[in-house]
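The values are calculated or read from the model by the stated rules, or taken from the named source; none is laboratory data. For clarity, every value in this text was computed on a predicted model and none was experimentally measured. Glycine also receives a Cβ, built like all others from the backbone with ideal geometry; neighbour counts cover every protein chain displayed. Ligands, DNA and RNA are excluded from the accessible area calculation, which covers all protein heavy atoms including side chains. Shrake-Rupley method; radii C 1.70, N 1.55, O 1.52, S 1.80 Å.
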Amino acid sequence: MTAKSNPATPDDVERLLSGRTRDIRLSPALMRAFRDRSFKQTSKIIRAWMVWVLVLDVLAILSSLLLLPREATLAMLGPALLIPPAASLVFLVWSRRRANGVLDAALVAGMFVILLAVALMGHLAGGEFQERYLSIMLFVAVTAVIIFNVPQWVTHVIAGMGLTLYLLFQLAHSDIGIASAFSAFLFFASGVTSTVVARRTMSILAHRTFLLELRDARRVAELASTNAKLERLSRTDPLTGLSNRRHTGAVLAELFGPDRAGRPPVALLMCDLDCFKALNDRLGHLEGDRALAQVAQIIAASVHPQRDHVSRFGGEEFLIVLTDVTADQACAIAEAIRSRVEAAGIANPGSSAGKMTTVSIGVASEADHPGCNATDLQQAADAALYLAKSQGRNRVARATPADRGLSFAS
């Protein structure tokens, strides 16, 4: 069970677990969740028990035909025929998840018919068979109490039905006095009551185990969430929200891995804010941070979010990894970034490239440098950035192919 589906708050679970085990009481929501969680196992047990009852009913009829007087056998035959439909009904109802009220009602009704049928078999056969079959009827009730993991009220009803039928049929027996009937009833009632108490203890322990599972699931979910946050923090630049240099290194290592052949071409854009030191000196580091964050947003909005990768590579420098683009397309994206930053009008009164914040961008495309590795391509982008800076800033430069020289591209 996941934390998202946890029906109780952490405080509810801790409160129940911190008290005495015998005082654990599940809320209605927790009880529904517990029954959902345990339904598959409970259903198997109840259905297997019903099959067992059917088999024993058939064996009892056959053995009676062979061993008992014909008159007694015919008297028991009618009640015995009530058991198969009752057990089959419970089997079918419990074969899939239904409303708890439907499941409980079917089980109580089926158990009543089964217990009544067993008691009637002994009563109609008369004589020694009455006491024998009443004892069998109580045994059937006790086994159901022990193995059925159902709400406590259902357990009480099954036990109560068994004891009530036993007393009524004992009182109806002409050869047994009232005192003897009540004496036998009290004897069996003590045993059935102790069984009910044991079943209650088993249920409480099962509820406690369920609460522990909820707590463990919540803690595991919290730990996973914390680990995920730490993982994001370890690869995210806190100022801009972009990936950091460490994460970008991992991205490039994957892109230029052993299976590089056949993948779409990669282009790197090395982007640097022009005269950023002057911005910090004139307007302060707070304004410098704001400028970095704004430029980061512009860059991120200018590339494909699922396909491309943007990172703050260091200081005022950004690295953009473009995939499945030609060299010309990479230059076009770089120019779009440059023009959008310029149009944003981010103040930088100390810049030699104007009074607004601008960027210079170096472009290096794998298409221009076939067979290069990530380091080679990054060095080419750095060299192209240096050329853009040397040519007056606020422009894009592209690393040329073949001789790995550099040419200016405005």
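Output yes when any residue across segment 200-213 is open to solvent by 50 Å² or more (accessible area, probe 1.4 Å) and either β-branched (Val, Ile, Thr) or assigned to a loop (DSSP other than H, G, I, E, B) (or both), and no when none is. First the steps, then the outcome.
Of all residues in segment 200-213, those open to solvent by 50 Å² or more (accessible area, probe 1.4 Å) come to 200-202, 205, 208-209, 213.
Next, from what is left, pick out any that are either β-branched (Val, Ile, Thr) or assigned to a loop (DSSP other than H, G, I, E, B) (or both): 201, 209.
Among the residues of segment 200-213, at least one is open to solvent by 50 Å² or more (accessible area, probe 1.4 Å) and either β-branched (Val, Ile, Thr) or assigned to a loop (DSSP other than H, G, I, E, B) (or both), which makes the answer yes.
Here is a yes/no grid of residues against (1) at pLDDT 90 or above; (2) open to solvent by less than 40 Å² (accessible area, probe 1.4 Å); (3) within 41 Å of the chain's Cα centre (by Cα); (4) of a type outside the set (S, T, N, Q):
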residue: LEU138; (1), (2), (3), (4): yes, yes, no, yes
residue: ALA144; (1), (2), (3), (4): yes, yes, yes, yes
residue: THR164; (1), (2), (3), (4): yes, no, no, no
residue: ASP175; (1), (2), (3), (4): no, no, no, yes
residue: SER183; (1), (2), (3), (4): no, no, no, no
residue: SER190; (1), (2), (3), (4): yes, no, no, no
residue: SER194; (1), (2), (3), (4): yes, no, yes, no
Tally the residues that are farther than 24 Å from THR400 by Cα and without any contact (Cβ under 8 Å) to a residue 40 or more places away in the chain, restricting the search to segment 298-330.
-> 6
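Of all helices (runs of 4 or more DSSP H) completely enclosed by segment 1-99, which ones contain at least 3 residues that are closer than 25 Å to PHE139 by Cβ? Break it down into steps so the answer makes sense when it comes.
Numbers: elements: 10-18, 28-67, 70-80, 83-93.
Passing ranges, in order: 28-67, 70-80, 83-93.
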Between a first residue in segment 96-120 that is small (Gly, Ala, Ser) and a second residue that is open to solvent by 10 Å² or more (accessible area, probe 1.4 Å) and part of a loop (DSSP other than H, G, I, E, B), which pairs have beta carbons less than 9 Å apart while being 6 or more apart in sequence or on different chains?
-> ALA106/ARG98; ALA117/LEU81; ALA117/LEU82
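Looking only at segment 216-245, filter to residues that are part of a helix (DSSP H, G or I) and hydroxyl-bearing (Ser, Thr, Tyr); which one of those is farthest from the chain's Cα centre (by Cα)?
As a first pass, look at segment 216-245 and keep what is part of a helix (DSSP H, G or I): 216-234, 245.
Filter once more, keeping what is hydroxyl-bearing (Ser, Thr, Tyr): 225-226, 234.
Working: SER225: 13, THR226: 16, SER234: 25 Å.
Ranking the candidates gives SER234 first.
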With the first residue restricted to segment 25-53 and required to be within 14 Å of SER95 (Cβ to Cβ), and the second required to be β-branched (Val, Ile, Thr), Cβ contacts under 6 Å at 6 or more apart or on different chains are ILE45/ILE147; MET50/VAL90
Test: LEU54 is more than 30 Å from ALA184 (Cα to Cα) and surrounded by 14 or more Cβ atoms within 10 Å (Cβ to Cβ) = no
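Test LEU17 against the criterion of being over 28 Å from the mean Cα position of the chain (by Cα), at negative phi and open to solvent by 10 Å² or more (accessible area, probe 1.4 Å), and give yes or no.
Details: over 28 Å from the mean Cα position of the chain (by Cα): no; at negative phi: yes; open to solvent by 10 Å² or more (accessible area, probe 1.4 Å): yes.
In short, no.
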Are there any pairs with C-beta distances below 6 angstrom linking a residue in segment 133-152 that is among the charged types (D, E, K, R) and part of a helix (DSSP H, G or I) to a residue that is open to solvent by 40 Å² or more (accessible area, probe 1.4 Å) and at pLDDT 95 or above, with the two at least 6 apart or on different chains, and if so which?
-> none
With respect to LEU223, is the statement that it is of a type in the set (A, V, I, L, M) and over 30 Å from ASN394 (Cβ atoms) true?
-> yes
Identity of the residue in segment 224-245, open to solvent by less than 30 Å² (accessible area, probe 1.4 Å) and not polar (S, T, N, Q), that ends up nearest to PRO370 (Cα to Cα) | LEU242
